[in-house]
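Trainee: This is the structure, below, for whatever I ask next.
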Amino acid sequence: MNFVAFRMLIGDRAKYIGLIFAVAFSTFLLQNQISIFAGIMKNTGHRVIDITDAEVWVMDPQTRYFDENKALKDTDLTRVRGVPGVDYAVRLFKGNPVARTNTGRFATCVALGLDDATLTGAPRHMILGSWEALRRPHQIVIDKAGYLMLFPGEPLELGRELELNDQRVEIAGISDALPGFVSLPIIHARYSEALNFQGKQRLQLSFVLARAQAGLTPEALALRIQEATGLKARTTWQFAWDCVAYYLQNTGIPVNFGITIAVATLVGLVVTGQTFYLFTVENLKQFGALKAIGVTNLRLLGMILLQAVTVWFVGYGLGSALAATFFNITLNVIATRHITLLWQSAAGVGIFMLIVVLLASVAGLQRVLKLQPAEVFRS
Amino acid sequence: MTPTPSIAVHCQSVRRSFGSGDARIEVLRGVDFEARQGEMTFLVGPSGCGKTTLISIIAGLLDASAGDVALFGSKPASMSSRGQILFRRSHLGFVFQQYNLLPALTAAENAAVPLLAAGMKHREAVDRATAMLQRLGIGEKASVLPRLLSGGQQQRVALARALVHEPRLIICDEPTAALDHKSGESVMELLATAAVHPERAVVVVTHDNRVFHFAHRIAHMNDGVITHTTKH
């Protein structure tokens, strides 16, 4: 009878396509919005995660996220180095100077000043050139997205010049930095040079980056530093999540995406559920005839569940394929290059849609099981 | 009274009511009815006299409030729910007024449904159903969907579905009601030639007096009782 169930399902093309479209549309919308939301939120922590040399970030106690920080005193670096368990601690400058090209095009940048001696925090994924070139004077590394923003449509090329606060610098390398919340060029330079990219301030040490000695976890070291110095110390992942939490609490993004996701959930629940329920109810006469002929309730249950799982499988597959295609296209767009279809989103939406069609089929099934086969004699 | 072997359907003092209290309606008020093997028995009477309720009880699709129903000496009401379904599946065939064909299945597949329900493999079931359609004169329509068939052809497919698993009792509910006279006559001729069999009984509910001449017996029903039976 599986054959009969399958043919009943696909026999009415319009209804079948309607069902598949409802499941596919809801799947696409949910996967799409959840993944974009998660991707944007993930981007807010990328500046922190991208610095792989750091295990612990030390900052002013009032600092809430990466882009909002109050400079530390230079002596704070020495204090951190004095905490037992610190393998090494180096300084990091973060500024937002304006970079200008020879043609006059300009953009606000995220400039990271790395410890002159060790270059701790240098980009590890290079597309062109080498981060070690930063040891030479007036050299910078810029990320590919930033390069294309300043030199649109031009090939990647080393040796190009930029002007930052009247300082002329040369591009010595092009990195593949993770995108941030805002699409700004990411510039890496030596600490001593990066300070000159921005107007001089009395205090300029943005962060201290530290690493724990062998046998000590970053979490334990962060606690030790906090207790010993009174400064705020967070592990890389803790600080990245702090950034995510800041944007969640202080922007309208969660509300915006939340509404869209809620609407998509409602569409999934109501449209898909109701369409499938109506499909079953509209076939009551047929199910009644089958009951009269001698098809058991158990067999009817199997038939309806088979229809539900088929609708889910095809609709979910189609919706997921659409979502995957969408993200495959946006992967080539600089601003959205790291926003991908998350497996967690795909799996979660899959389970949700399966529950929706199963609930709808159970609701329809109630009518089928309660149906008196004698009804078929009523014209 | 013990039914003789030739009696396929034996109903004794069958009662059926619907609702309760002041809203209670007694549709069957002590029906005694028999249908014999090798015969076509018509159940006739005005609308609302209880014909459909009676055949629903005979078919095991509805329980009687009181009285006994025996089919070929067995009492389906005393069987388990599953036993009743299996009994119905193997011993009964149905022809409905509105055909009740599955629109997504071809004529042959529709006719094969009782075999598929019994667990027969699809190919074998469809082959047997196609042979039955050929026997009923619409073999060339085996792969056609019901919506492309005329009313008479659809009723033939329904007849093939009722016969394909060789049941011992066929119950027809107003088989000619949705057809013009010519098509109705044709379907009844088929029913008389293909369905009637020494081992099988056919019960036909109808109020179409133009086809009464096909009946071996006619049970006249009125106001919930069989008033009299005539033999033709």
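The numbers here are math on the coordinates, done by the rules we state, and not lab data. These numbers come from a predicted model, not from an experiment. Don't worry about glycine lacking a Cβ; one is built from the backbone with ideal geometry, like all the others, and counts go over all protein chains shown.
Trainee: Going by amide H atoms built from the backbone, whose H comes under 5 Å of the H on B:Val95, apart from near neighbours?
Mentor: B:Ile171, B:Cys172, B:Asp173
Trainee: Where does each of A:His188, B:His228 land when they are ranked from fewest to most other beta-carbon atoms within 10 angstrom?
Mentor: B:His228, A:His188
Trainee: Which of A:Val208, B:Phe72, B:Thr106 sits farthest toward the positive end of the charge dipole of the protein assembly as shown, with +1 on the Cβ of Lys and Arg and -1 on the Cβ of Asp and Glu?
Mentor: The Cα lying farthest towards the positive end belongs to B:Phe72.
Trainee: Taking only Cα atoms, what is the 0 to 90° angle, nearest 10, from helix B:181-190's long axis to the longest principal axis of chain B?
Mentor: That works out to roughly 90 degrees.
Trainee: By its C-alpha gyration tensor, with a ≥ b ≥ c as the square roots of the eigenvalues, how is segment B:1-52 shaped: rounded for a/c under 1.5, else prolate for a/b larger than b/c, else oblate?
Mentor: oblate
Trainee: While we're on this one: Give me the percent relative contact order of chain A, please, defined on Cα pairs under 8 angstrom at least 6 residues apart.
Mentor: 29 percent
Trainee: When the helices in chain B are scored as -39500 (n - 2.57) per DSSP H run of 4 or longer and the sum is shared across all residues, what 222 nm value do you end up with, to the nearest 500 deg cm²/dmol?
Mentor: Value at 222 nm, helices only: -8000 deg cm²/dmol.
Trainee: Among A:Gln274, A:Gln307, A:Gln249, which one shows the highest mean-square fluctuation when chain A is modelled as a Gaussian network with alpha-carbon springs under 10 Å?
Mentor: A:Gln249
Trainee: Same structure, new question: Tell me the angle of helix B:81-91 to the major Cα principal axis of chain B, expressed in degrees between 0 and 90 and rounded to the nearest ten.
Mentor: Relative to chain B, helix B:81-91 is tipped by roughly 60 degrees.
Trainee: Also, quick follow-up: Can you tell which of A:Lys285, A:Lys42, A:Lys94 shows the greatest fluctuation in a Gaussian network model of chain A with Cα springs below 10 Å?
Mentor: A:Lys285
Trainee: Related question: Collect residues whose amide H, placed 1.01 Å from N in the peptide plane, falls under 5 Å from the amide H of A:Ile187; neighbours closer than 5 in sequence don't count.
Mentor: Amide H neighbours of A:Ile187, under 5 Å, 5+ apart: A:Val110, A:Ala111, A:Leu112.
Trainee: Further question on the same structure: What list do you get for A:Tyr191, A:Tyr88 if you sort them by fewest beta carbons within 10 Å?
Mentor: Ascending number of Cβ neighbours within 10 Å: A:Tyr88, A:Tyr191.
Trainee: Something else about it: Springs between alpha-carbon atoms under 10 Å, Gaussian network over chain B: tell me which of B:Ala70, B:Ala158, B:Ala118 tops the mean-square fluctuations.
Mentor: B:Ala118
Trainee: In which sequence would B:Glu140, B:Glu26 go, from the one with the fewest C-beta neighbours within 10 Å to the one with the most?
Mentor: Ordered from fewest to most neighbouring Cβ atoms within 10 Å, B:Glu140, B:Glu26 come out as B:Glu140, B:Glu26.
Trainee: Taking only the alpha-carbon positions of segment B:174-232 and ignoring solvent, what does the Debye formula give for the base-10 log of I(q)/I(0) at q = 0.24 Å⁻¹?
Mentor: The Debye formula, applied to the Cα set alone, gives -1.08.
Trainee: While we're looking at this one, here's another question. Step through the table entries A:Lys42/A:Lys70; A:Lys285/B:Lys121; A:Lys291/B:Lys51; A:Lys42/A:Lys144; A:Lys42/A:Lys73, compare each Cα-Cα distance with 27 Å, and write down the pairs that go over it.
Mentor: As for pairs spanning more than 27 Å Cα to Cα, those are A:Lys42/A:Lys73.
Trainee: With the Cα gyration tensor of chain B in hand, give its eigenvalues times 5 under a square root as the equivalent ellipsoid semi-axes, listed largest first in whole angstrom.
Mentor: 29, 20, 17
Trainee: Now for a different question. Roughly how large, in nm² to one decimal, is the mean projection of the convex hull of the alpha-carbon atoms in segment A:50-236?
Mentor: One quarter of the hull surface, i.e. the mean projection, equals 10.2 nm².
Trainee: So what's the convex hull volume per residue for the Cα atoms of segment A:268-371, in Å³?
Mentor: Convex hull of Cα atoms, per residue: 89 Å³.
Trainee: Here's a follow-up. Where in chain A are the helices, taken as whole DSSP H runs, whose Cα atoms extend 15 angstrom or more along the long axis and whose Kyte-Doolittle mean reaches at least 0.5?
Mentor: What comes out of the filter, once short or polar helices are dropped, is A:13-43, A:253-267, A:297-330, A:343-370.
Trainee: Right, here's the next one. Any chance you could check the Cα centroid distance between segment A:263-282 and segment A:283-339 for me, in angstrom?
Mentor: Here the answer is 12 Å between Cα centres.
Trainee: For segment B:63-164, how big is the tail of P(r) above 25 Å, as a whole percent of Cα pairs?
Mentor: Counting pairs separated by more than 25 Å, the tail of P(r) holds 28 percent.
Trainee: Give me the Kirkwood hydrodynamic radius of segment B:112-179, using the inverse of the mean 1/r over all pairs of distinct Cα atoms, in Å to one decimal.
Mentor: Its Kirkwood hydrodynamic radius stands at 12.4 Å.
Trainee: Suppose only helical runs count, i.e. DSSP H with n ≥ 4. What mean residue ellipticity at 222 nm does that imply for chain A under -39500 (n - 2.57) per run, divided by all residues and rounded to the nearest 500 deg cm²/dmol?
Mentor: -16000 deg cm²/dmol
Trainee: Output the relative contact order of segment A:50-236, whole-number percent, from Cα pairs under 8 angstrom with separation of 6+ residues.
Mentor: Normalised by residue count, the contact order of segment A:50-236 is 37 percent.
Trainee: Next question. So how far, in whole Å, is the C-alpha centre of segment B:52-89 from the one of segment A:202-240?
Mentor: 82 Å
Trainee: For chain A, give me the percentage of DSSP beta bridges that are antiparallel, rounded to the nearest 5 percent.
Mentor: 75 percent
Trainee: Now for a separate question. Please state, to two decimals, what the Cα-based radius of gyration of the protein assembly as shown comes to when divided by 2.2 N^0.38 Å (N = residues).
Mentor: So the protein assembly as shown has a normalised radius of gyration of 1.60.
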